[in-house]
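Trainee: Would you mind keeping the following structure in view while I ask a few things?
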Amino acid sequence: MRPARNPNHAIAASIAAVALSAIAATFTFEPVPPGLPGLGAVEFPRLVSAILLLLALILGLTAASPASEEEAPSISSRAWLIFALCLGFLPLAEVIGMIPAIPIFLVVVGLLWGGTAWRTLVLSALGMGIAIWLIFVKVFRLTLPKGWLVTMLGF
């Protein structure tokens, strides 16, 4: 029985890949007018992604607890699908906009995750979408990406 490889390296690399993808996506955002107070629609995701990169680096440098191949649980196909949906959120937001993409994403991932009734998922996802719209659009007066489909329809 050979010792298992350090899983922290793969986990850290995955987190870094997601953070770098998020940073790359911020270069496609519409420019924000200068002079707005606080972090803008570009700076905030970059800050969060930079923190994720730092934490991924720390995780990658951390030694894992000893484990054998038999003790390491396999990753289910549902977990890989949820990870793929996380990566697919940004393209979905690019097409239909951030506010409609959030409830759709939350419901689909919630159904895959399991354990919660679909009515509860729909209500909480709609509530989250409305709360984000109220906080970021109405209170902070930020412009969230509308998506090309919503723009094409004239909303």
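The values are calculated or read from the model by the stated rules, or taken from the named source; none is laboratory data. Keep in mind the model is a prediction, meaning the values are calculated, not measured. Here the Cβ is made from the backbone with ideal geometry for all residues, glycine too, and neighbour counts use every protein chain on show. All accessible areas refer to the heavy atoms of the entire protein, side chains included, with ligands and DNA or RNA removed. Shrake-Rupley method; radii C 1.70, N 1.55, O 1.52, S 1.80 Å.
Trainee: Work out from phi, with θ = phi - 60° and the Karplus expression 6.51 cos²θ - 1.76 cosθ + 1.60, the ³J(HN,Hα) of each residue of the stretch 91-100, listed in order in whole Hz, and give x for Gly and Pro.
Mentor: Karplus-based 3J(HN,Hα) across the stretch 91-100 equals x, 5, 5, 5, 7, 9, x, 5, 5, x Hz.
Trainee: Using protein chains only and a probe of 1.4 angstrom, how many square angstrom of E94 are accessible, to the nearest 10?
Mentor: The accessible area of E94 comes to roughly 100 Å².
Trainee: Using r as the Cβ-Cβ distance of L20 and V122, and R0 as 25 Å, what FRET efficiency do you calculate, to the nearest 0.05?
Mentor: Calculated value: 0.15.
Trainee: Calculate the spin-label point distance for F83 paired with R141, positioning each point 7 Å from the Cα along the beta-carbon direction, and give it in nanometres.
Mentor: Computed distance between label sites R141 and F83 equals 4.3 nm.
Trainee: State, to one decimal in nm², a quarter of the convex hull surface area for the C-alpha atoms of the stretch 61-155, i.e. the direction-averaged projected area.
Mentor: 9.6
Trainee: Once the Cα atoms of helix 43-61 and of the chain are each reduced to a long axis, what angle between those two axes, in degrees from 0 to 90 to the nearest 10, is obtained?
Mentor: Taking Cα atoms only, the helix is inclined about 0 degrees.
Trainee: For the chain, what is the mean residue ellipticity at 222 nm derived from helices alone (per DSSP H run of n ≥ 4: -39500 (n - 2.57); sum divided by total residues; nearest 500 deg cm²/dmol)?
Mentor: My calculation for the chain gives -20500 deg cm²/dmol from helical runs alone.
Trainee: Right, another one. Assuming 0.36 nm per residue, please report the length gained on full extension of the stretch F27 to I75 beyond their Cα-Cα distance.
Mentor: Stretched out fully, the F27 to I75 stretch lengthens by 14.0 nm.
Trainee: Starting from 0.36 nm per residue, how many nanometres of slack lie between V109 and V48 once their C-alpha separation is accounted for?
Mentor: Value of the extension gain: 19.8 nm.
Trainee: What's the center-to-center distance, using Cα atoms, between the stretch 115-154 and the stretch 4-31 in Å?
Mentor: Taking the Cα centre of each part, the stretch 115-154 and the stretch 4-31 sit 24 Å apart.
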